[in-house]
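Peer 1: Mind having a look at this structure? Questions to follow.
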DNA sequence: CGTTTAATTGAAAGCAGTCAAACTATGTGG
DNA sequence: CCACATAGTTTGACTGCTTTCAATTAAACG
């Protein structure tokens, strides 16, 4: 095996395209140095793509797996009547198609929300990594299971919460997830979605999303400057959104500093 | 390793509590005989439980993983206002808490839909199996990914389809999934849920589910005798439900014989 | 600056929910 | 075997949250 490399210990998370992804893989336990190195050594091609670009299309038979080094993406499906549903939002450091690593034909599309830099890893390389390094394999499973947990919560969100709670909930979810990537600044974050996309993620219409956002703002729960969302009353927003972070499987500490 | 055992090749699927689960694990490729044996040799305790029993409760820190040898179960969550959402229905042969194998605290509850026999496997035994046998590990990942795909489709169902399509869709899904377990008889199946549970799975109310079922029946798409659902017009029901089996990642062949 | 995309607001319509009651099946105990 | 209790299904009338439709304003972009 490779010797441990101290340079990896405290590297700049923006140096390597897999840095944030690796951090995510290690969320449930540090990987052996050789495994970390193996992840970083994965062969890949880095691409810079514009917002709206497709990373995967439903029906595709993909030959590589994409890791979001920078930028945002979302998973979506279209219904027969042309309506769109967004089922997940991928944030920097997420692997976008682990799905397609072991399943042959993609069951949904993935589209970029913003300009992004994406690292494509050959399917086989990733499969071998997971097979040959059990610690990486279980880390991949764990990350996949957290993604499933988020999906379950989304089913609850669109199935059983009213519009106000849905929007509040998704904002809370973004906040907590982004915090794990160090992307909360000044008590808020830059929401990389239009209100129409927010509507497609919550099973509402863009018109109604607009009304709900306004009402949350009027009630003093959030404030907005363009796409930037600030949490004026983080506690109350969680209450309105019926939000509990348990399903995200992250450490339990409050992250929003309302003073800022 | 253990020698291959020809007795496994064509065993009665009802002999061993893991038989159907193993079949599911082998859906994407035959496992080496030693791996199959290792699955079947997993230590476990078999329990017979009544409908309504909890296999896991949200917040639990489970020490074992349950496999449904017989019977049905469902995953659920309660919202703060007391509403229930069902996020998945587990059918015979499904492993119920792979989630809890690698995540510490359960993010949802699992409850039995019917009387069932359940095999509890110690968490550690399963973890070791996955780590020591890469082929089993990838099979577990693949099965987990199919479950995720079903979850995504449920988000679409609840988020973007009207009540009629939702009910039609979930009926189609059950039909195809049950067929993979050989549980379609006479062109229909025994639906092991009350209309209220069906409502909680589709984000509707039981009153409205009742109306929709009736309308599907009046339109000649299905017929019902108690909980038994018969498909009178399988093709049309799929159209109404906007159903495509792609997301289930099963073989593509039509399974409903309407003549019966 | 014109053009395009996104956000905002108002008025009206509709799908599904709520409330309430009746009906059916099943099971229990006398 | 029947009276009664319980759980689930069915139906009707009414309400309401969101959608739909339409128009206006604001922001982003070349």
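The values are calculated or read from the model by the stated rules, or taken from the named source; none is laboratory data. Please read all numbers here as calculations on a predicted model, not as lab measurements. Positions of Cβ are generated from backbone atoms using ideal geometry, with glycine treated the same way; all protein chains shown enter the neighbour counts.
Peer 1: Quick one: in the range B:175-191, which of the residues that are within 16 Å of DNA strand D (Cβ to nearest atom) and buried (at least 20 other Cβ atoms within 10 Å of the Cβ) is nearest to the other protein chains (Cβ to nearest Cβ)?
Peer 2: Taking the range B:175-191 as the starting set, the residues that turn out to be within 16 Å of DNA strand D (Cβ to nearest atom) are B:188-191.
So of that shortlist, the ones also buried (at least 20 other Cβ atoms within 10 Å of the Cβ) come out as B:188-189, B:191.
Numbers: B:188: 24, B:189: 23, B:191: 19 Å.
Per the stated criteria, the residue is B:191.
Peer 1: Check whether at least one residue in the range A:243-260 is within 16 Å of DNA strand C (Cβ to nearest atom) and at pLDDT 95 or above, and report yes or no.
Peer 2: no
Peer 1: Within the range B:115-126, can one find any residue that is within 16 Å of DNA strand D (Cβ to nearest atom), modelled with pLDDT under 95, surrounded by fewer than 20 Cβ atoms within 10 Å (Cβ to Cβ) and under 30 Å from residue B:41 (Cβ atoms)?
Peer 2: Checking the range B:115-126: at least one residue is within 16 Å of DNA strand D (Cβ to nearest atom), modelled with pLDDT under 95, surrounded by fewer than 20 Cβ atoms within 10 Å (Cβ to Cβ) and under 30 Å from residue B:41 (Cβ atoms).
Quick grid of which residues meet (1) assigned to a helix (DSSP H, G or I); (2) more than 15 Å from the chain's Cα centre (by Cα); (3) over 14 Å from residue B:98 (Cα atoms):
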{"position": "B:117", "(1), (2), (3)": "no, no, yes"}
{"position": "B:120", "(1), (2), (3)": "no, yes, no"}
{"position": "B:124", "(1), (2), (3)": "yes, yes, no"}
{"position": "B:127", "(1), (2), (3)": "yes, yes, no"}
{"position": "B:139", "(1), (2), (3)": "yes, yes, no"}
{"position": "B:144", "(1), (2), (3)": "yes, no, no"}
{"position": "B:148", "(1), (2), (3)": "yes, no, no"}
{"position": "B:152", "(1), (2), (3)": "yes, no, yes"}
{"position": "B:157", "(1), (2), (3)": "yes, yes, yes"}
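Peer 1: Output the residues belonging to the range A:27-76 that are more than 26 Å from residue B:155 (Cβ to Cβ), surrounded by fewer than 18 Cβ atoms within 10 Å (Cβ to Cβ) and within 14 Å of chain B (Cβ to nearest Cβ).
Peer 2: Passing the criteria: A:29, A:32.
Peer 1: Being within 16 Å of DNA strand C (Cβ to nearest atom) and within 27 Å of residue B:159 (Cβ to Cβ) is the filter here, so list the residues in the range B:225-242 that pass it.
Peer 2: Selection gives B:229, B:240, B:241, B:242.
Peer 1: Residues being in contact with a helix residue (DSSP H, G or I) (Cβ under 7 Å, 6 or more places away or on another chain) and more than 25 Å from residue B:87 (Cβ to Cβ): count how many of those fall in the range B:112-136.
Peer 2: Summing the residues that are in contact with a helix residue (DSSP H, G or I) (Cβ under 7 Å, 6 or more places away or on another chain) and more than 25 Å from residue B:87 (Cβ to Cβ) in the range B:112-136 gives 6.
Peer 1: Going by the conditions given, is residue A:200 assigned to a loop (DSSP other than H, G, I, E, B) and more than 14 Å from the chain's Cα centre (by Cα)? First the steps, then the outcome.
Peer 2: Working: assigned to a loop (DSSP other than H, G, I, E, B): no; more than 14 Å from the chain's Cα centre (by Cα): yes.
Judged against the criteria, residue A:200 is not a match.
Peer 1: Next question. When both residues are 6+ apart or on different chains and their Cβ atoms are under 8 Å apart, which pairs have a first residue that lies in the range B:196-211 and is within 11 Å of another protein chain (Cβ to nearest Cβ), and a second that is near DNA strand C (Cβ under 6 Å from one of its atoms)?
Peer 2: Within 8 Å, the pairs are B:199/B:205; B:199/B:208; B:202/B:163; B:204/B:163.
Peer 1: Give the range A:26-63 a look and list any residue that's under 30 Å from residue A:170 (Cβ atoms), free of Cβ contacts under 8 Å to residues at least 60 places away in the same chain and touching a helix residue (DSSP H, G or I) at 6+ places or on another chain (Cβ under 7 Å), or say none.
Peer 2: The one that is under 30 Å from residue A:170 (Cβ atoms), free of Cβ contacts under 8 Å to residues at least 60 places away in the same chain and touching a helix residue (DSSP H, G or I) at 6+ places or on another chain (Cβ under 7 Å): A:56.
Peer 1: Would you check if there is a residue in the range A:157-174 being in contact (Cβ under 8 Å) with a residue 12 or more places away in the chain, surrounded by fewer than 19 Cβ atoms within 10 Å (Cβ to Cβ) and farther than 25 Å from residue A:206 by Cα?
Peer 2: Checked the range A:157-174: no residue is in contact (Cβ under 8 Å) with a residue 12 or more places away in the chain, surrounded by fewer than 19 Cβ atoms within 10 Å (Cβ to Cβ) and farther than 25 Å from residue A:206 by Cα.
Peer 1: Going through the range A:203-221 one residue at a time, which ones are more than 12 Å from DNA strand D (Cβ to nearest atom) and in a loop (DSSP other than H, G, I, E, B)?
Peer 2: Passing the criteria: A:219, A:220, A:221.
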